[in-house]
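What follows is a set of notes on a single structure, which appears directly below.
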Amino acid sequence: MSIFDPRSLHFTHFPSLQSSLLSFSMGFFLFFFLSLLSLASSASRDHHKTFIVVVQNDAKPSIFTTHKHWYESSLASVLSPSTPAQVLHVYDTVFHGFSTKLSPTDALNLQTLPHILAVIPEQVRRLHTTRSPHFLGLQTTDSAGLLKESDFGSDLVIGVLDTGIWPERQSFNDRDLGPVPSKWKGQCVTTKDFGPGSCNKKLIGARFFCSGYEASNGKMNETSEFRSPRDMDGHGTHTASIAAGRYVFPASTLGYAKGVAAGMAPKARLAAYKVCWTAGCFDSDILAAFDAAVADGVDVISLSVGGVVVPYHLDAIAIGAFSAADQGVFVSASAGNGGPGGLTVTNVAPWVATIGAGTIDRDFPADVKLGNGKVVPGVSVYNGPGLSPGRMYPLVYGGTGGGDGYSSSLCLEGSLDPEFVKGKIVVCDRGINSRAAKGEVVKKVGGIGMILANGVFDGEGLVADCHVLPATAVGASNGDEIRGYIDSASKSKSPATATILFKGTRLGVRPAPVVASFSARGPNPETPEILKPDVIAPGLNILAAWPDKVGPSGVSSDSRSTEFNILSGTSMACPHVSGLAALLKAAHPEWSPAAIKSALMTTAYTVDNRGETMLDESNGNTSTVLDFGSGHVHPTKAMDPGLVYDITTMDYIDFLCNSNYTINNIRVLTRKNADCSGAKRAGHVGNLNYPSLSAVFQQYGRRNMSTHFIRRVTNVGEPNSIYKVTIRPPSGTVVTVEPEQLVFRRVGQKLNFLVRVQTMAVKLSPGGTSMKTGSIVWSDGKHEVTSPLTVTMQQPI
């Protein structure tokens, strides 16, 4: 039993935003507090867990020569004499403190020391698992544009916190690159499997952090993992090449997606920080990587991992990202793959760019032809021994093949009867084990093919996987149709048959982009007044570099080798934005992280290649701001946004004050002493100078309600420019903006405006929620600076 297991707090569905937030916060703190007390009271259950300890740095007595000695002394003062004081990591850049393994009793005792600001339980996080540059409008042939203006991101450094990197891939070659930037202070850690030649002028840094992982799981098994920056999973190599891979031709995966592979910022330098291992990504190691990356001199941090949402001062990623942003480092993080349900978005701190996933105009059709003549659409990446053309094969549903039915329906290991599936195409339901692993299970017991059917929660969203046997994925409704066909054939005493028609790569798909079914959705479970995700970017079926020794399916029996692989997830969307941020930083070195995010958000688009509002892949309906945030990134427009919403450190502190964080909580997050008295009088949570605006009203029997937003824009366009406002109010509201015109005399000038929102109560059942959306657009005739405006009505229970 541990003090706090964040994985037990998985968001699924809440009847109202108000009740969900209340339930979550009460449940989290109650569980945390009772766990501490119960565990501390029982020595027999006094198990150890890793904690992150935030320390008041200036309280160090001069008798200690180093902070580490001070930390060890602090630990020794609360530990029993027989327990060694072990410091796993020392943090001195993004915050001051250390991580250590403690019993719950020791954690409570350590918290009583006057110089200890916080003792935070470690969270274990999970990975959020080419044509995309072309789809985004980044082309090498342009005589002007973001690639040209930024020199392809040259001399900017992107730090990728992930599973490591496979440095030999051509995506990381350093041909024609200049010397390593003089500002770089990082290092390339060499080991027996990551030699001195692994780094070059492209991959300029590589480190690994495993103390937290080993503290919780014991010494790593070096026969199955590399104790080095080398990638044994593939995820880190893939994300790094999306962000900053060089141009490589020809590129493909098993013959699919043939063409030129390139990252967003092809000349940007890369630094790999390996923080994820077979058991997950541990907060203490992630913070150590943040600490190193900022000290090394990265310009952008890309983080495609996530966990449960907790208050910002208890969130290691939020803590590390705040200090990184405060020091000028742009932090991009994946929104999570918990979609399409609401309240699933993660990495929601306002100083982090939270990235959801959309599709591109390319897919890999692999349709199912049934014995009744019906053709069901599907997708797949498979080029091995195929099904004979023109031949129909016996078709069965795993769930009717004996056993307990449930396990066999999911095609779990050992659940299928070989006699039942041999020589047949097997329908497997999605869930529990990985999609490709189901195919491996079918293949082991003699199945000749697989149809992977989405469940109701997965909806109609399809992911093309590299399978180890002929296989395809179909949506939930088509899965029902196939199972219905099998059932009716059985009742009529005629055998059900099918085959799979692999059609290769299809380009020019319409509509695109579409919000990916798996992409996590809002509203923001921690701060509903801050719209999350911020934007979406390509994240479905993305081609990028892949390591040796890992088959493209990722299953143990897959011995195939490929230089590139096709993966899907917000993990893939995040590095697209990381690379774009590097390009924007190179083109505008004076821009802050908040200004870069503003440029990406206010120029994002919400219409697809048909000219209509983007669809939601899970159900085919029109998507909303809770799905895509401000919209899909538009790199060329982001280079010249006209106006930006900049945010200072003091703005964030005021936001935390207005969010009812204590002075100590704020110090844990920001390392600064806050005075909340003025901020409390100055406004409310929604007054953070964010590029989107979200009003949340509690009805409480009131008929008329109103609020206001104060915003400040900075002119980054042209001098002597005049911006006029266009208001598209959410239905049922009255929205006014003062002034209606902003007159800028010079570049860099800042002007304020006030937005008032008035609305009337709507009829809702207790606990009910209603949300309407609109926008505010500032235009000077050349630029359109768009901010989504949402109004949420909540009926208390």
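Does residue 537 qualify as being at pLDDT 95 or above, more than 30 Å from residue 698 (Cβ to Cβ) and touching a Lys or Arg at 6+ places or on another chain (Cβ under 7 Å)?
no
Out of 431, 461, 439, which single residue is under 20 Å from residue 567 (Cβ atoms) and surrounded by fewer than 22 Cβ atoms within 10 Å (Cβ to Cβ)?
Details: 461 fails: surrounded by fewer than 22 Cβ atoms within 10 Å (Cβ to Cβ); 439 fails: surrounded by fewer than 22 Cβ atoms within 10 Å (Cβ to Cβ).
Checking each option against the conditions leaves just 431.
For the list (1) out of contact with any Leu (no Cβ under 8 Å at 6 or more places or on another chain); (2) part of a loop (DSSP other than H, G, I, E, B); (3) surrounded by 21 or more Cβ atoms within 10 Å (Cβ to Cβ), I need the number of the one condition that residue 447 fails.
(1)
Yes or no: residue 629 closer than 27 Å to residue 458 by Cα, modelled with pLDDT of 95 or more and among the small types (Gly, Ala, Ser)?
Against the criterion (closer than 27 Å to residue 458 by Cα, modelled with pLDDT of 95 or more and among the small types (Gly, Ala, Ser)), residue 629 qualifies.
Pick from region 757-781 the residues that are in a strand (DSSP E or B) and farther than 12 Å from residue 791 by Cα: which of them is most open to solvent (accessible area, probe 1.4 Å)?
We begin by selecting, within region 757-781, every residue in a strand (DSSP E or B); these are 757-760, 769-779.
After this cut, where a residue has to be farther than 12 Å from residue 791 by Cα as well, the list is 776-779.
Working: 776: 2, 777: 5, 778: 0, 779: 34 Å².
Top of the filtered list is 779.
Scan region 451-463 and give yes if some residue there is closer than 17 Å to residue 556 by Cβ and either not polar (S, T, N, Q) or not in a helix (DSSP H, G or I) (or both), otherwise no.
For region 451-463, residues closer than 17 Å to residue 556 by Cβ and either not polar (S, T, N, Q) or not in a helix (DSSP H, G or I) (or both): absent.
Looking only at helices (runs of 4 or more DSSP H) that fall completely inside region 632-740, which ones have 1 or more residues that are under 29 Å from the mean Cα position of the chain (by Cα) and surrounded by 15 or more Cβ atoms within 10 Å (Cβ to Cβ)?
Those helices (runs of 4 or more DSSP H) span 635-638, 649-658, 663-670.
A quick yes/no check of all residues on (1) at pLDDT 95 or above; (2) of a type outside the set (Lys, Arg); (3) open to solvent by 40 Å² or more (accessible area, probe 1.4 Å); (4) not in a loop (DSSP other than H, G, I, E, B):
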site: 52; (1), (2), (3), (4): yes, yes, no, yes
site: 62; (1), (2), (3), (4): no, yes, yes, no
site: 69; (1), (2), (3), (4): yes, yes, yes, yes
site: 74; (1), (2), (3), (4): yes, yes, no, yes
site: 77; (1), (2), (3), (4): no, yes, yes, yes
site: 98; (1), (2), (3), (4): yes, yes, no, yes
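State yes or no: is residue 93 part of a loop (DSSP other than H, G, I, E, B) and within 30 Å of residue 162 (Cβ to Cβ)?
In short, yes.
Let me confirm something: among 110, 17, which residue is open to solvent by less than 40 Å² (accessible area, probe 1.4 Å), at negative phi, at pLDDT 95 or above and of a type in the set (A, V, I, L, M)?
110
Yes/no per residue for (1) among the aliphatic types (A, V, I, L, M); (2) over 19 Å from residue 530 (Cα atoms):
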{"site": "720", "(1), (2)": "no, yes"}
{"site": "750", "(1), (2)": "no, yes"}
{"site": "762", "(1), (2)": "yes, yes"}
{"site": "776", "(1), (2)": "yes, no"}
{"site": "779", "(1), (2)": "no, yes"}
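Going by what's in this entry, would residue 390 be described as in a loop (DSSP other than H, G, I, E, B), at pLDDT below 95 and not charged (D, E, K, R)?
yes
Only one of 328, 371, 358, 378 is over 28 Å from residue 685 (Cβ atoms), surrounded by fewer than 24 Cβ atoms within 10 Å (Cβ to Cβ) and at pLDDT 95 or above. Can you tell me which?
Result of the check over 328, 371, 358, 378: 371.
Which one of 308, 298, 294, 348 is buried (at least 24 other Cβ atoms within 10 Å of the Cβ) and touching a Ser or Thr at 6+ places or on another chain (Cβ under 9 Å)? Let's see the steps before the verdict.
On the way: 308 fails: buried (at least 24 other Cβ atoms within 10 Å of the Cβ); 298 fails: touching a Ser or Thr at 6+ places or on another chain (Cβ under 9 Å); 294 fails: buried (at least 24 other Cβ atoms within 10 Å of the Cβ).
Going through 308, 298, 294, 348 in turn, the sole match is 348.
Provide a single number: the residues in region 161-192 that are of a type outside the set (A, V, I, L, M, F, W, C), open to solvent by 40 Å² or more (accessible area, probe 1.4 Å), over 25 Å from residue 283 (Cβ atoms) and assigned to a loop (DSSP other than H, G, I, E, B).
Qualifying residue count for the region: 9.
The values are calculated or read from the model by the stated rules, or taken from the named source; none is laboratory data. In this text the structure is predicted, and so the values were computed from the model without any measurement. Methodologically, a virtual Cβ is constructed for each residue, glycine included, from the backbone with ideal geometry; neighbour enumeration extends over all protein chains shown. Remember, those area values only see protein heavy atoms, side chains included, never the ligands or the DNA or RNA. Shrake-Rupley method; radii C 1.70, N 1.55, O 1.52, S 1.80 Å.
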